[in-house]
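Here is the structure we will look at.
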Amino acid sequence: MRYLFFVLSAMVFLGLAANTLSAKEAISLTDDPVLEQRLITISEEMRCLVCQNESLAGSRSDLANDLRQEIRVQIKAGKSDAQIRDFMVERYGDFMLYRPPVKPITWFLWLGPFALLLAGMIALLTYLKRRNKEIIAAELTDDENHCIDLLLKENQHD
């Protein structure tokens, strides 16, 4: 049994070592480091349409690679960052941006959480007021008050 464990451990170790030794340095996205940094800056502000919770810069999906290539082409064509963003939004919609602009079509996106919070607070206050009105104050008789006083006195002596 020990021999089997040793063999399996060695195989796993050798497999990990082979993967580490065969790892290559990341491929540069463009030839010019300034253009590469600009590409990363633009793509960090955009959402991967496949992953949806990753930036375009961090995603490794095929669509993200294609979109980064499109941004690269537009950078080389001399377009500004704003023109590139506008092109991508025109083609894929405001969902592509991590910070969509505030306009009538995105008001719910920006104001929705606050509206839900306000509605929840109003519902809670209404419920509490209604519940307080339903509670009936119980009046105790003289005998019940006397019993309570006796119980309290007994507990004080203990």
* To do: Enumerate the calculated ³J(HN,Hα) couplings along segment 50-61 in order (Karplus 6.51 cos²θ - 1.76 cosθ + 1.60, θ = phi - 60°), each rounded to whole Hz, writing x wherever the residue is Gly or Pro.
  => 8, 7, 6, 10, 10, 6, 5, 5, x, 7, 10, 6
* Computed lengthening from Ala123 to Glu45, 0.36 nm per intervening residue step minus Cα-Cα distance -> 24.4 nm
* Residue among Leu152, Tyr127, Ala137 farthest towards the positive dipole end of segment 116-158, charges placed on Cβ -> Tyr127
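By average Cβ neighbour count within 10 Å, what is the ranking of 108-114, 149-155, 93-99 from highest down?
Working: 108-114: 11.0, 149-155: 9.3, 93-99: 13.1.
Listed from highest to lowest mean packing, they are 93-99, 108-114, 149-155.
To the nearest 20 Debye, how big is the dipole of segment 60-158 about its Cα centre, given +1 on the beta carbon of each Lys and Arg and -1 on that of each Asp and Glu?
Values: 14 positive and 15 negative charges, 287 e Å.
For segment 60-158, the charge dipole is close to 1380 debye.
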* Asked: Using the Karplus equation 6.51 cos²θ - 1.76 cosθ + 1.60 (θ = phi - 60°), what ³J(HN,Hα) coupling, rounded to whole Hz, does each residue of segment 73-85 give in order, writing x for Gly and Pro?
  -> 4, 5, 5, 5, 7, x, 6, 7, 4, 5, 5, 5, 4
* To do: Multiply the residue separation of Val102 and Gln37 by 0.36 nm, subtract the distance between their alpha-carbon atoms, and state the gained length in nm to one decimal.
  => 20.6 nm
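How high is the FRET efficiency between Ser61 and Ala137 when r is their beta carbon distance and R₀ equals 41 Å, given to the nearest 0.05? Could you put the intermediate results ahead of the total?
On the way: r = 65 Å, r/R0 = 1.58.
The calculated FRET efficiency here is 0.05.
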* **Zone residues, segment 76-120, relative to Glu54, backbone N less than 15 Å from point 7 Å out along Cα-to-Cβ** => none
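Report the full-extension gain for the segment Cys147 to Lys79: residue separation times 0.36 nm, less the Cα-Cα distance, to one decimal in nm.
On the way: separation 68, 0.36 × 68 = 24.48 nm, distance 8.82 nm.
So the chain would gain 15.7 nm between Cys147 and Lys79.
Bear in mind these aren't lab numbers, they're just calculated from the coordinates by the rules spelled out. Everything numeric in this text was worked out from a predicted model, so none of it was measured. Ideal geometry is used to build each Cβ from the backbone, glycine not excepted, and the neighbour counts take in all protein chains shown.
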